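Shown next, in C-alpha cells, is the structure this report addresses.
The values are calculated or read from the model by the stated rules, or taken from the named source; none is laboratory data. Values in this document were obtained by computation on a predicted structure and should not be read as measured data. All Cβ positions, even for glycine, are placed from backbone atoms using ideal geometry, and neighbour counts span all protein chains on display. Ligands, DNA and RNA are stripped out before the accessible areas are found, and what is left, the full protein with its side chains, is counted by its heavy atoms. Shrake-Rupley method; radii C 1.70, N 1.55, O 1.52, S 1.80 Å.
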Amino acid sequence: MNGAIIQFDIGADLFPLLAGTFAAMGCGLLGNFLVLRRLSLMGDAISHSVLPGLVIAFLITSTRSPAVMFAGAAAAGIATVVLVELVKNLGRVEPGAAMGVVFSVFFALGVLLIERAAMRHIDLDADCVLHGQLETLVWYDAPDTLSGLLTWSTIDAVPRQVAVLAMMVVLAVMFISVFFKELRIAAFDPALATTLGFNATGMHYLLMVFVAAATVASFEAVGSILVIAMLVCPAATARLLTDRLLAQVVVSGVIAAVSSVGGYLAATSIPAAFGKDAVNAAGSMSVMAGGLLALAIIAAPRHGVISGWVRRRRLACAITVD
Amino acid sequence: MLPGISLGIGVQLEPSQLEQLRSSALATAGDRLPTLEQIIETVTLRGGYNTNLVIAGTTLLGLAAGIIGVFALLRKRSLMTDALSHATLPGITIAFLTATALGFDGRSLPVLLLGATVSGVAGVLCIHAILRFSRLTEDAAIGIVLSVFFGAGIVGLSYIQANANTSSAGLNRFIYGQAATMRAGDVAIMGSIAGVSVVTTVLLLKEFALVCFNDAFAKVDGWPVGAIDLVMMGLVVLVTVAGLQAVGLILVVAMLIIPPVAARFWTERLWLLVVLAGVIGAASGYFGSVVSALLPRKPAGSVIVLTSGSIFAISFICAPARGVIATAIRRLRLRLRIAGDHLLERAHELHTSVLPASVVDELAQRRGWSRWLRTLVIWSLRRAGMVGSMTSNGLEVLRAGMARGARVSRNHALWKQYLISYADIAPSHVDWSVDQVEHVLSDALIAELEAELTAQGIAIPAVGSAGR
C-alpha cells in the first residue's frame, strides 16, 4: 500500500490490461451484429464448443502452436454453427434447444478429451479456457515510468497474446467497415439482403467465422466467459443508448474498452485497498460490463427506465391539463 | 489422481473423501481396461457401496432432469436454464464466504446449495427484469445474465483462492461436477427431487400442458398461470441445483435439454414425451456413471452428456415420427406421387395410352425434374402397376394409370372451379395453387366439393370414362 487508491504497475498490469481491452473491443464490436440478429447466444455456444476443437487439434499434431489451435477452434466453431442449423431445420427443434444440445455435447467431448490429454501428462486446462490467465502476462523488466515505454524495446516485449488480440481488433474493425452495408442489411432484414443480391447466409457464416476467431484469439488470455460477456453486454448497452447502427458500433467499442479498463483496475485496486490479493480480472471485467448495462437500462436518455417514467408522467400531466 | 477433471487451481480432497475414492471402483481400476467381471459387477450394481451410490444418484438425477426438461423445452426456456445454472456460481462463493465469516464450515453442502438457489433465482429474475424494463431481446438478456453472473462467480472463486484462510475445498467441483464425491445423503436428496418431480408432473400434467401449449387461453379460462409457471420453474431450479455437484453447472443444462429434445423425435403425445425423456435421462445417468466407474479418468458428467447426445443423434436420424430419414422418405414419396400424377395426368389429357419419350422429356424439363427423379418416378409408377415398360414408342400407360390420370385431372378441375367460384381468385391465377393441391385432395373432400358445386348449380366436370 503506497497510499494511492488505484494501483498500477507497468510490469504487472500493462499487458494484462491491454490484452483484456483488445479482447473486449474485438468481441464488443462483433457482438453488435449478433445482438441485432438475436444470435447473442451463438457466442455462448461457440465459446463452449471450441474446447474440443482445441484439444483435438492438439492431440493430432502434438503442438500448441497458435496456428494449429486456431484452425482447430475455428473448425469447431463452424461445425457448431452448421450443426445448430441442421438440428434446427431438419429436426424442427426450437433454436435455443438446438444450440443447447450442440454446445453441451461439444463441451462434454472437450472435457473428456482433455482427460485423455492429461493422461499423456500434458497440461491443457479447462479452467484457463473458462476464465483465462491474464495474470500470467507479466513483463519482468518493465520500465518504471510511462516515458520509459517510448522505446523500440517495448514492441519486442509485447507478448504474443497481446499482439494476436490487437490484430484481432484491427481485423474486426476492417471486417465491419468493409462489410458495414451488407452486415446492416443482413442484420435488420435478411430476406431483403437476399433479394438485393447479397448472400445473407454467406454473411452469416462469415460473421460466425469472425466470432469463432475472436473467441480463439481471446480464450488463452481472457477466457471464454469474458468473450461471452463482451459479445453481448457492450452491444446491448450501446443499443439502449442510440438508435443508429454506426453510433451503436462505435459506442459499443468504447463501452467494451471502458468496462475492461474499469474491471481490471477494480480487480487489482479494490482488494488491495482492503489489504487482500487481486481477484480474477476477466470476471471483474464481465461484472463491470454488466454494471454499465444496468446503468444504461436505468438511466439511458431515451430507452431508460427513468426517462420512460418521466415521459409517462409528462404525458399524464399533459392529458390532465388538456 | 482425481476421478474428475484435473483442475488448474488444485482441488483438495479431505482424507475421508480420498479414502472413499480409493475404495471405489474408480480408484482400483487404475489405468487398465476393466475386466468382464468388473463390468458385470458394476452394471448389476454389485460394484461396491460407493459406486452404487454414484450410479443411483446420477440415474435419479437423469430421471428428474429429463421429466422437468420437457416443460422447459415446451416453454422455450432451454437456454434460460443455462443462464440459471451459470448464475448459481456467485451464490456458492458468497455462501462460502458468509458461512466462513460467521464461523461455520463453509464447505457444508446445504449452505452452498442454498446460496446457489438464491443467486440462480436472482439470475432468472434479472432476465425477466431486463425483458420488462428494456428493449433487449431474450437471447441478449440470457447472455448478459449468464456471463455477468458467472464472471462474478469467477471473481468470488479467485478471491477465495487467493485470500480465504481456509482451503477453498473444491468449490470448482460445482463448475465441472464430481459425481464420485456423492454420498448417501446426496443420493437421498436426488431421490426425493426425482420423487417430487414425478409426483408433481403426474398430478399437474394437465395444467402444465395447458400452460405450455396455450398460456393465453389458460389465463382467460381462469387458471392460475403464474402459479403453475412458478411450480415448473421451481422444479427446474431444484433439479439444476441438485445436479451442480454431480455433473457441474456447465453440463447440468445438458441433462435438462437433451433428453426431451431426443424424446421429441419419437412422439407427438405429451405423456409419452415425459416418460421417454425421463427414461432417456435416467439411462444416460446410469450409463454415464457406470462407464466412469469402470474406466479411469472418465468424468461422469461428460460421459452422461455424451450418452444422451448419442441417443439424441440416433433419434435425430432414425426416429420414425420426426427423424431425418423418415422425413426425407416421406418427402420423397410425396414428390414421387406428385410427379407421377403429373405424368399420368398428361397421358389422360393427350388421350393416349402410350406417352412418347419426347412428352416425358418436355414434362421433366418444365417441372424441373432431375434425371434421377425422372427415373425414380417411372420406376415407382411401374411398381404400382400404373405404367408398363418404356418401349421405342414411348411409355406405356396401363389401365390403372389412365384411371389415376383421369382422377387427378378431374380433381384439378373441381378445385379450380371451387377457387374461382368461392375464393374469388382470378382464373388466370388459380392454376398454380391448384397444381399444388390436386394431388392431396381426399375422397371425402372431393365428395364435399361435388355436392357443394352441384348445389350451387355450377357445372362440374363429368366423371371421365376411366373415372373413379
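Here are the numbers for the structure shown:
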read-out	value
Per residue convex hull volume, Cα atoms of region A:189-265, in Å³	99
Estimated buried accessible area (total), pair B and A, 1.4 Å, Å² to nearest 100	5200
Protection proxy ranking of B:74-82, A:310-318 - average other beta-carbon atoms within 10 Å, highest first	B:74-82, A:310-318
Rounded if a/c under 1.5, otherwise prolate or oblate - region A:16-77, Cα gyration tensor axes	oblate
Size of charge dipole - region B:323-468 - debye, nearest 20, with Cβ of Lys, Arg +1 and Asp, Glu -1, no other charges	780
³J(HN,Hα) computed for each position of region B:80-91 - Karplus, 6.51 cos²θ - 1.76 cosθ + 1.60, integer Hz, glycine/proline x	5, 5, 5, 4, 4, 5, 5, 6, 6, 4, x, x
Dipole of region B:16-320 [Lys/Arg +1, Asp/Glu -1 at C-beta], most positive-end residue of B:Gly57, B:Val275, B:Ile154	B:Ile154
Angle between chain B longest axis and helix B:270-294 axis [Cα atoms, degrees, rounded to 10]	50
Delta accessible area of at least 40 Å² on complex formation, residues of region B:300-336, 1.4 Å probe, chain isolated as reference	B:Ser302, B:Leu306, B:Phe312, B:Phe316, B:Arg322
Rounded tilt (10° steps) of B:399-422 against the dominant C-alpha axis of chain B	80
Full-extension gain in nm, B:Ala321 to B:Ala162, via 0.36 nm per residue minus C-alpha separation	51.8 nm
P(r) of the protein assembly as shown over all Cα-Cα pairs, binned every 20 Å from zero, in whole percent	15, 40, 29, 14, 2, 0
Sequence-distant residues sharing a close amide H with B:Gly388 (under 5 Å, placed H)	B:Glu396, B:Val397, B:Leu398
Spatial extent of region A:3-118: Rg and Dmax, with the Cα atoms as the point set, Å	17.7, 63
Inter-chain shielding of A:83-91 (mean C-beta neighbours from other protein chains, 10 Å cut-off)	3
Lys/Arg +1, Asp/Glu -1 at C-beta; the protein assembly as shown dipole; positive extreme among B:Val43, B:Val241, A:Pro271	B:Val43
Centre separation in Å (Cα based) which lies between region A:20-38 and region A:274-322	20
Average partner coverage of A:222-234, which counts Cβ from other chains inside 10 Å	4
Only Lys, Arg (+1) and Asp, Glu (-1) charged, at Cβ; chain B dipole about Cα centre in debye	840
Partner chain coverage, peptide B:74-81 - average Cβ within 10 angstrom	4
Heavy atoms of B:Ile311: accessible area, 1.4 Å probe, square angstrom to 10	50
Accessible carbon and sulfur surface of region A:22-102 relative to its total accessible area, %, 1.4 Å	70
Whether region B:16-320 is rounded, prolate or oblate, judged on the alpha carbon gyration tensor where a/c under 1.5 counts as rounded	oblate
Apportionment of accessible area to carbon and sulfur, region B:323-468, percent (1.4 Å)	55
Rounded to the nearest 10 Å², the accessible area of A:Trp309 at probe 1.4 Å	150
Three-way shape call for region B:125-267 based on the alpha-carbon gyration tensor, with the a/c threshold at 1.5	oblate
Rounded to the nearest 20 debye, dipole of the protein assembly as shown from Cβ charges on Lys, Arg, Asp, Glu	1640
HN-Hα J in Hz across region B:99-116 - Karplus 6.51, -1.76, 1.60, θ = phi - 60°, x for Gly and Pro	4, 5, 5, 7, x, 8, 7, x, 8, 4, 4, x, 4, 5, 5, 4, x, 4
Computed Kirkwood radius, in angstrom, where 1/r is averaged over Cα pairs of region B:323-468	16.2
For region B:230-262, residues shielded by at least 30 square angstrom of accessible area compared with the chain on its own, probe 1.4 Å	B:Ile250, B:Leu251, B:Ile257, B:Ile258, B:Val261
Folded to 0 to 90 degrees: helix B:138-163 orientation relative to chain B principal axis, Cα	20
Solvent exposure of region B:323-468 as accessible area per residue, Å², 1.4 Å probe	58
Listed residues B:Gly323, B:Asn411, B:Gln436: farthest to the positive end of the dipole of region B:323-468 (Cβ charges)	B:Gly323
Under Karplus coefficients 6.51, -1.76 and 1.60, residue-wise ³J(HN,Hα) of region A:49-57 in Hz, glycine/proline x	8, 5, 3, x, x, 4, 5, 5, 4
Accessible solvent surface per residue of region B:16-320, calculated while the other protein chains remain in place, 1.4 angstrom probe, Å²	37
